[in-house]
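Only one structure is covered here, and it is reproduced in the block below.
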Amino acid sequence: MSTSSVLYDHPGPRAKVRNTVLSVIFGVALLGLVYWIYSKFDQANQWEGWLWKPFAEPKTWTQFILPGLWATLKAAGVGMLLSLAFGIIFAVGRLSDHKWISVPAGAVVEFFRAVPLLLMIFFVFYGLPYVIKQPVTAFWSVVIGLTLYNGSVLAEAFRAGIRALPGGQSEAAYAIGMRKTQVMQLILIPQAARAMLPIIVSQLVVLLKDTALGYIVAYPELLQRGVNDLAANYGNIIPAAMVIAVIYIIINSMLTWFAGWLERRTGTRRVRVPRQRAGTAGSTVVEPQG
């Protein structure tokens with residue numbers, strides 16, 4: 001049973017009626033807002049056919065939108081993998097019993113959480129070459145910035161998830177002879193990742209959208225190619241922004257769906273602990289919480 005289902009309280013008859021009435025009112029208000037926006041754009045002639053005609057031409061997609069989409073997905077994909085690795089490593093570092101590990105790890109996390117991502121990308125692209133004595137590409141400037149900022153946020157999410165687990169989880173693992181590394185790797189981190197999955201997915205969605213900040217170093221991501229460059233050629237910035245917004249919504253919805261599928265799939269899995277040499281006759285199975 002998932003945490004969300006445990007915390008959910010089924011509404012009674014009066015609550016159902018109230019929810020239905022509020023849903024109808026909200027739906028009518030939403031439709032009114034959509035119509036008002038539509039009418040304002042219509043008054044500004046933003047629904048003219050010539051503004052939307054470029055999206056029916058293959059070259060619009062092959063020269064602008066698809067290359068920008070690929071650049072966005074490439075930067076976001078690499079950034080997600082590195083951010084998750086960064087988050088796990090520094091979360092474990094902050095939980096270390098050794099001050100010479102936990103204090104520097106905490107300082108790194110707090111520093112990169114505090115620095116604006118736009119400034120970080122700018123510094124990596126223009127400032128880091130003075131340190132390493134060679135240029136940094138726009139792609140790696142965006143990826144490094146995304147990794148440092150989002151990885152720091154994820155490190156706090158992992159750390160909070162690990163500390164929220166019952167202490168008996170670690171005590172039971174230590175009692176059967178497991179080392180701290182094994183406890184962290186096999187018991188705590190898998191459960192913390194599952195418990196904090198909604199927060200992790202939300203941060204990865206933010207990461208994907210933050211690739212748009214690559215414009216500061218001229219990275220040809222989706223917003224740059226699909227809105228700025230496209231509108232510069234066809235003069236249809238509002239229609240272009242609408243189309244790109246729909247693409248972002250589809251991508252983020254797919255990411256959220258994948259996270260839900262992963263949560264359902266891992267909800268019934270067990271964490272199998274390796275056979276111990278002393279004190280056990282076979283492998284031990286530890287049920288995750290939830």
For LYS74, list the lysines whose Cα falls under 28 Å from its own Cα; do not include residues on the same chain fewer than 8 positions away.
-> LYS59, LYS133, LYS209
Farthest toward positive dipole pole in the chain [+1 Lys/Arg, -1 Asp/Glu at C-beta], among LEU69, ALA232, LEU81 | LEU81
Extension gain, ALA85 back to ARG179 (0.36 nm per residue minus Cα-Cα distance, nm) | 31.7 nm
Ignoring ligands, DNA and RNA, what percent of the 1.4 Å accessible area of the chain is carbon and sulfur?
-> 66 percent
Which of these, ILE88, ILE249, ILE121, has the largest mean-square fluctuation under a Gaussian network model of the chain (Cα springs below 10 Å)?
-> ILE249
For helix 117-126, what angle does its Cα long axis make with the longest principal axis of the chain, in degrees from 0 to 90 and rounded to 10?
-> 80 degrees
Cross-link partners among aspartates and glutamates for LYS53, C-alpha distance below 18 Å, same-chain residues fewer than 8 apart left out?
-> ASP42, ASP229
Short version: ³J(HN,Hα) in whole Hz for each residue of the stretch 197-213, in order, from phi by Karplus 6.51 cos²θ - 1.76 cosθ + 1.60 (θ = phi - 60°), x for Gly and Pro, what are they?
-> 4, x, 5, 5, 5, 4, 5, 5, 5, 4, 4, 4, 5, 6, 4, 4, 6
Of (1) 74, 46, 30; (2) 81, 73, 37; (3) 77, 69, 32, which is the value of Cα extents along the principal axes in Å derived from the coordinates here?
-> (3)
Assigning unit charges at the beta carbon (Lys, Arg +1; Asp, Glu -1) and nothing else, what dipole magnitude in debye, to the nearest 20, does the chain show about its Cα centre?
-> 1000 debye
Which lysines, on any chain, are close to LYS99 with Cα under 21 Å apart, when same-chain ones fewer than 8 places away are left out?
-> LYS180
Could you give the size of the charge dipole of the stretch 42-136 about its Cα centre, using +1 on the Cβ of each K and R and -1 on the Cβ of each D and E, expressed in debye and rounded to the nearest 20?
-> 360 debye
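The values are calculated or read from the model by the stated rules, or taken from the named source; none is laboratory data. Just so it is clear, the structure is predicted and the values come from calculations on it, not from any experiment. FYI the Cβ positions are ideal-geometry reconstructions off the backbone, even for glycines, and counts take in every protein chain you see. Only protein heavy atoms, including side chains, enter the accessible area calculation; ligands, DNA and RNA are left aside. Shrake-Rupley method; radii C 1.70, N 1.55, O 1.52, S 1.80 Å.
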